[in-house]
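The values are calculated or read from the model by the stated rules, or taken from the named source; none is laboratory data. Predicted model only: the values in this text are computed from it and were never measured. Note that we place each Cβ from the backbone using ideal geometry, even for glycine, and neighbour counts take in every protein chain shown. For the accessible areas, the whole protein counts, side chains as well, though only heavy atoms, and no ligand, DNA or RNA atoms are used. Shrake-Rupley method; radii C 1.70, N 1.55, O 1.52, S 1.80 Å.
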Amino acid sequence: MNSEMRYAVLIDADNVAPKYTRYILDELSNYGVVTYKRVYGDWTRTNLASWKNMALDNAITPIQQYSYTTGKNATDSAMIIDAMDILYSNNVDGFCIVSSDSDFTRLAIRLRESGMHVIGMGEQKTPKPFSTACNAFKYLEVLAEEELQSTSDNDETVALKTLESAIIRIIADNANLQEEINIGELGSRLQGRYPDFDVRNYGYSKFSQFLKDFDCLSFRQVGSSILVSQKSDKTELQQIEEVLSAIVRSNGNKGYNLGELKKQLCTKMPNFNVKTYGYSKFSRFVENLPYFKIKNNTVMICDK
């Protein structure tokens, strides 16, 4: 995210412990500048006393909201009203809604509909509808580096398998000609599918480290970029044959110019070298592949 993006952070004191304050603000600093900092609650209640010093120390404005009716959450209403007021002020680019309450699901959706970038933060008990309604969702226990209490080993295994399937699908749908995808784009698209995804949930500090534990993935460094692809069970020669066949067939029954075919192959498979296979000329290499023939410098596919 642009470091100059402006965010409003609205905290539900009824559902969030003050011990998370520093982690909330530290995490949000990775996204941009916080211009509104407000925490909502009924400050006449003794159970919110610990929030008062925390709000003062971090320059967070406490917003008083009396509980007018038993069983009704007036704090939620106050946060929603303020969020809409801030939205229409056109003074921010995004919101950080800090709560574990699903009542903010519709607010998150409404803010996103207005073009806002919405970050949700809450404990792991947060209902799924709220977390998925946000562009990104951060679990407070993870930000505070506490032990994950609600995720068993079996649950994590299932989650990893789900992520693995999603990663493979993203690569297949968005890969370049070399069937690779930039690691940054992969991370962005994965975050888009699972807003509450965070590598720290799985004990990693970097996305690249998280990916390298998947046996199904291959990595290639190009300058400062890391390209990710799916490992194939096929031999390199089989892959070359498939690529050549696809290129030639893309031109219908006309065949494909030998020189252009070599260029296209090298574009798709940069490490290709005919010498690896014992040839000094590309034409000889192609002629010795099954189902290919060359006539008048044009490569054709023979009937199998």
Order Thr132, Thr21 by their accessible area, 1.4 angstrom probe, all chains in place, largest first.
Thr132, Thr21
Non-local residues with an amide H under 5 Å from the amide H of Val34, with H modelled 1.01 Å from N and Pro and chain starts lacking one, are Tyr7
Rg over Rh [alpha-carbon atoms, Kirkwood Rh] for the chain
1.17
Output the antiparallel fraction of DSSP beta bridges having both residues in the chain, as a percent to the nearest 5.
35 percent
Using helices alone, what [θ] at 222 nm do you get for the chain, with -39,500 (n - 2.57) per DSSP H run of 4 or more residues, divided over all residues and rounded to the nearest 500?
-11500 deg cm²/dmol
So how much accessible area does Ser188 have, in Å² to the nearest 10, using a 1.4 Å probe?
80 Å²
Rounded to the nearest 10, the angle in degrees between the Cα long axis of helix 236-249 and the longest principal axis of the Cα atoms of the chain comes to 80 degrees
Expected vector for the stretch 250-259, Karplus 3J(HN,Hα) from phi with 6.51, -1.76, 1.60 and θ = phi - 60°, integer Hz, x for Gly and Pro, equals 5, 9, x, 8, 7, x, 9, 4, 4, x
So, taking all protein chains as they sit and a 1.4 Å probe, how much accessible area belongs to Arg200, in Å² rounded to tens?
90 Å²
For the stretch 251-304, what value does the Rg/Rh ratio take when both radii are computed over Cα atoms and Rh is the Kirkwood radius, given to two decimals?
0.95
For the stretch 170-286, average projected area of the Cα convex hull in nm²
9.2 nm²
If we count every other residue with Cβ under 10 angstrom of Val274's Cβ, Lys/Arg +1 and Asp/Glu -1, where does the sum land?
+4
Once label points are set 7 Å from the Cα along Cα→Cβ at both Ser165 and Arg110, what is their separation, rounded to one decimal in nm?
3.5 nm
So which lysines can Lys295 reach, going by Cα to Cα under 21 Å and dropping same-chain residues fewer than 8 places off?
Lys254, Lys262, Lys263, Lys281, Lys304
Report, in whole Å, the centroid distance computed from the Cα atoms of the stretch 159-181 and the stretch 188-233.
9 Å
Rounded to the nearest 10 Å², the accessible area of Val222 at probe 1.4 Å
70 Å²
accessible surface per residue for the chain, probe 1.4 Å, DNA/RNA/ligands not counted, whole Å² -> 55 Å²
